[in-house]
Amino acid sequence: MDIFVKTNNGGYDIVLKRGALSEVGELLDLNRKVLIVTDDGVPEVYAKTVAKNCKLPVIVTIKQGEQSKHADTWCHLLKAMVENNFTRSDCIVAVGGGVVGDLSGFAAATYMRGIDFYNIPTTLLSQVDSSIGGKTAVDFMGYKNLVGAFYPPKKVIIDPDTLKTLPQRQISNGLAESVKMSLTSDSELFSIFENEDINSDGVIDKIIERSLLIKRYVVETDEHESGLRKILNFGHTLAHAVESINDMEKYHHGECVAIGMVPMCADSVKQRLLKVLNKHKLPTVLSES
């Protein structure tokens with residue numbers, strides 16, 4: 001299915017379809033120079049699939065993890081485009097999770113004052129959250145997302161089949177953001193987490209779709225985060241605190257969000273939330289070790 005997201009300057013489509021990665025040649029305008037940005041934790045075949053559909057592909061693989069989301073890596077992407085004579089008519093394609101998407105989007109926003117950017121999120125966390133809404137950024141001087149821009153993609157391709165290569169922890173990590181959105185905006189989605197098995201046919205697709213529809217409504221209503229969009233930060237105040245005192249291997253972002261949501265709920269909601277988090281193997285308190 002296609003989900004259209006309106007922006008102040010037009011809009012873009014989110015293509016949600018199993019097998020969509022194999023159709024990128026038809027879905028995206030790749031008949032030009034294309035900087036394909038991925039990381040060393042993403043299966044190489046994903047970037048290569050995009051590359052074989054490009055006229056002139058350039059693949060840059062960065063190190064996996066938040067440590068790559070800084071100005072040096074951003075400059076590395078800009079340098080790759082300069083060395084390969086990219087012009088305003090060329091584009092960037094992100095193939096990976098949120099770090100890859102944020103970096104690639106910021107590079108696209110700033111190279112020659114803006115070139116086309118496509119996002120192909122391959123983690124559940126990025127599929128339901130960071131790939132939509134146009135936020136791009138790098139961390140700077142120890143501050144998360146301090147330098148960035150609002151720069152919507154030209155198109156987002158979400159292929160749930162890419163989730164098959166993820167470990168269970170990464171699936172749970174992404175589910176946390178969807179649980180967050182269900183608590184603020186969709187009681188039926190929360191019921192899915194309570195009552196359905198995410199490994200059953202079609203359930204994860206349904207979770208992605210409903211999460212996308214929530215985020216679409218929020219970012220269309222408040223593109224630049226001056227009001228309603230702040231609800232997407234539910235659980236994040238404590239989450240960012242947890243992230244600041246722990247490394248990313250101990251707690252992934254979604255796990256921090258799970259911990260951050262618990263104290264912010266009324267008791268009646270908290271009991272239901274704790275059951276959902278436990279069911280989906282998400283932490284509810286900080287460990288002592």
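Miscellaneous remarks
- Hits in the range 12-30 - residues which are free of Cβ contacts under 8 Å to residues at least 60 places away in the same chain and under 22 Å from residue 152 (Cβ atoms): 23, 26
- Residue selected from the range 7-33 under the condition among the charged types (D, E, K, R) and assigned to a strand (DSSP E or B), by the criterion surrounded by the most Cβ atoms within 10 Å (Cβ to Cβ): 33
- Of the residues in the range 122-136, at least one is farther than 24 Å from residue 171 by Cβ, in contact (Cβ under 8 Å) with a residue 24 or more places away in the chain and not aliphatic (A, V, I, L, M).
- Within the set 87, 136, 49, the sole residue that is surrounded by fewer than 24 Cβ atoms within 10 Å (Cβ to Cβ) and either in a loop (DSSP other than H, G, I, E, B) or in contact with an Asp or Glu (Cβ under 6 Å, 6 or more places away or on another chain) (or both) turns out to be 87.
- The lone exception for residue 151 - which of (1) of a type in the set (Ser, Thr, Tyr); (2) under 15 Å from residue 214 (Cα atoms); (3) open to solvent by 50 Å² or more (accessible area, probe 1.4 Å); (4) within 15 Å of the chain's Cα centre (by Cα) it fails: (2)
- Any chance residue 36 is open to solvent by less than 10 Å² (accessible area, probe 1.4 Å) and at pLDDT 95 or above: yes
- Filter result for the condition that a residue is within 21 Å of the chain's Cα centre (by Cα) and either of a type in the set (Gly, Ala, Ser) or closer than 30 Å to residue 13 by Cα (or both), over 211, 268, 287, 200: 211
- The condition of being within 14 Å of residue 5 (Cβ to Cβ) and either modelled with pLDDT under 90 or open to solvent by 50 Å² or more (accessible area, probe 1.4 Å) (or both) holds for only one of 165, 221, 184, that being 221.
- Flag: residue 61 does not match the condition of being of a type in the set (Ser, Thr, Tyr) and either closer than 20 Å to residue 253 by Cβ or crowded, with 19+ Cβ neighbours inside 10 Å (or both).
- Residue pairs whose Cβ atoms lie under 7 Å apart, sitting 6 or more positions apart in sequence or on different chains, and linking a residue in the range 54-66 that is free of Cβ contacts under 8 Å to residues at least 40 places away in the same chain to a partner that is assigned to a helix (DSSP H, G or I) and open to solvent by less than 40 Å² (accessible area, probe 1.4 Å), are 57/51; 58/80; 59/47; 59/51; 60/77; 60/80.
- Applying a threshold of 9 Å to beta carbon distances and a minimum spacing of six or more residues, or different chains, the list of pairs starting in the range 182-200 at a residue that is in contact (Cβ under 8 Å) with a residue 24 or more places away in the chain and ending at one that is outside any helix (DSSP H, G or I) reads 183/234; 183/235; 183/265; 184/234; 193/280; 198/280.
- Hey, residue 270 closer than 18 Å to residue 192 by Cα and either open to solvent by 20 Å² or more (accessible area, probe 1.4 Å) or not in a loop (DSSP other than H, G, I, E, B) (or both) or not: yes
- All told, residue 17 meets the bar of being out of contact with any strand residue (DSSP E or B) (no Cβ under 6 Å at 6 or more places or on another chain), among the charged types (D, E, K, R), closer than 27 Å to residue 229 by Cβ and at pLDDT 95 or above.
The values are calculated or read from the model by the stated rules, or taken from the named source; none is laboratory data. Just so we're clear, the structure is a prediction, and the values are computed from it rather than from any experiment. In this analysis, Cβ positions are derived from the backbone assuming ideal geometry, glycine residues included, and neighbour counts consider all displayed protein chains. The protein model used for the area step is the full one, side chains on, heavy atoms only, and it has no ligands, DNA or RNA in it. Shrake-Rupley method; radii C 1.70, N 1.55, O 1.52, S 1.80 Å.
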